[in-house]
1. Testing residue 362 on (1) touching a residue at least 40 places away in the same chain (Cβ under 8 Å); (2) touching a Lys or Arg at 6+ places or on another chain (Cβ under 9 Å); (3) open to solvent by 50 Å² or more (accessible area, probe 1.4 Å), one condition comes back false. Which one is that?
2. Would you mind stating whether residue 69 is over 23 Å from residue 143 (Cβ atoms), within 38 Å of the chain's Cα centre (by Cα) and without any contact (Cβ under 8 Å) to a residue 60 or more places away in the chain?
3. Criterion first (under 22 Å from residue 176 (Cβ atoms), open to solvent by 70 Å² or more (accessible area, probe 1.4 Å) and either among the small types (Gly, Ala, Ser) or at pLDDT 80 or above (or both)) does residue 44 satisfy it?
4. Taking region 134-172, which residues are over 18 Å from residue 238 (Cα atoms), in a helix (DSSP H, G or I) and open to solvent by less than 50 Å² (accessible area, probe 1.4 Å)?
5. Suppose we filter 123, 71, 54, 67 for residues that are in a loop (DSSP other than H, G, I, E, B) and open to solvent by less than 10 Å² (accessible area, probe 1.4 Å); which single one remains?
6. Going residue by residue through region 393-408, is there one that turns out to be among the basic types (Lys, Arg) and assigned to a loop (DSSP other than H, G, I, E, B)?
7. So residue 329 fits all but one of (1) open to solvent by less than 100 Å² (accessible area, probe 1.4 Å); (2) modelled with pLDDT of 85 or more; what number is the exception?
8. Keeping to region 365-384, report how many residues are outside any helix (DSSP H, G or I) and open to solvent by 30 Å² or more (accessible area, probe 1.4 Å).
Amino acid sequence: MTATVTPAETATAATPRRRRHRLLVPLGLAVLLIVTTLVLHAVDRPDTDEPGFLSPVATDDDGGSRLAEALRAQGVSVRRETAFDGVLQTAGIAPSTVFVPAPGLVHPDLLDRLTALPPGTRLVFVEPSPRVLAELDTPVEPAARRWAARAVPPDADGTPCPLPEAVRAGAAAIDLQRYAGPAEVGHCYGGALLRVPGRVEVVLAGASDPFRNDRIGEWGNEALATGLLGGNRPLVWLDLPEPVPAPTRPSWSPEPFTEEPAQGGDGERSERPDPPDRADPPWENPLWGAFPQWFWALLAQLALAGLLVVLWRARRLGPPVSEPLPVTVRAAETVRGRARLYRRAGARDTVAETLRAAALDRLLPRLNLPPDTPDDEVAARIAERAGADPERVAELLYGPAPEKDRELLELARELDALTRTLAPHPSEGDTR
């Protein structure tokens, strides 16, 4: 007794698969959209390690040449320093404004030297990290961080802003990283701009957008940036081409490390050569440094998940094992299924070749002809036996493929009639 799969049972078995596909396809698209958005956002955000980031001589989108020109137009003396020691020597003469656009490139052991500059000095840091805040010994810690910088008014949190520069600038796109501190710390733009009073004034800017060439012309960004870095004090701009290494000192020395100024042959301090602009030499960013570390970690996790899926789907190892079919599929259903596939693909040539091969498989044994008999001889013998035109028989068995469905249907009917005449099925009897 054989079992037959009914359409209702087939639909019931396919329902769980359809449900899984309806669930997995949207989830896969959502994951792909999220990953693509994260990658594009990481690529779009400026990298403080790249040469030219907020450099006064860099003219690209992440440079600061437009800010330097605006400050010079206001009569501010802008001194570019590409070495940390140069900042200490230049700013140590008189109170100045020291601009550190990439504080992460300065070694932690050197940051506390900035707080020993002359009283009245202002230090402006852009997006300082918790490590930088700890080394500066400020009572400030990072708070909330946004996906992208937005423009907000100076009193965004409802409290008056104590910085006159920010009040004059108005709304600016600086709200990216917010900081929290005690009441004596001046808060502006909802905590995105802080002023820490003291012997040396420290200003923390929560976004680089007001200082960059591509965003300085928006809102009050230019007024805010020039207000923080301008004024009566000269500006010392720290433009680091690479991270500052840690200071070295002998392990046996009991005295704290202090650097001696370089001496020339006459005992006077030698002049430091002006290093070349870091925006001029060509520089290629390798692929490993083009993306953040979390991107590669996510890529490794996705690869591991894909490997686990492959192992899960290929859990059945070894040679195939023959097993009895759980159901018996009717021949008519198989024929209809293959016919629908051929019709959808428009494979009339394949169908015609299959029909002609099936007809020859039944006719050649009936006429006692070997399979390698020439085509013209086969057509002549069949025509003689059936009393038909040899040319018509040759066209039926070896002619070109039909170009339309109607021609294919006529070919099938004529081949069926010819086969029934010469080689009828045992159930039909011999009609000769």
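1. Just one mismatch for residue 362, condition (2).
2. yes
3. no
4. If the condition is that a residue be over 18 Å from residue 238 (Cα atoms), in a helix (DSSP H, G or I) and open to solvent by less than 50 Å² (accessible area, probe 1.4 Å), then 165, 166, 169 are the ones that fit.
5. From the options 123, 71, 54, 67, the qualifying one is 54.
6. yes
7. Failed condition: (2).
8. 5
The values are calculated or read from the model by the stated rules, or taken from the named source; none is laboratory data. No experiment lies behind these values; they were computed from the predicted model shown. Note: ideal-geometry Cβ built from the backbone for every residue, glycine included; neighbour counts use all protein chains shown. Ligands, DNA and RNA are excluded from the accessible area calculation, which covers all protein heavy atoms including side chains. Shrake-Rupley method; radii C 1.70, N 1.55, O 1.52, S 1.80 Å.
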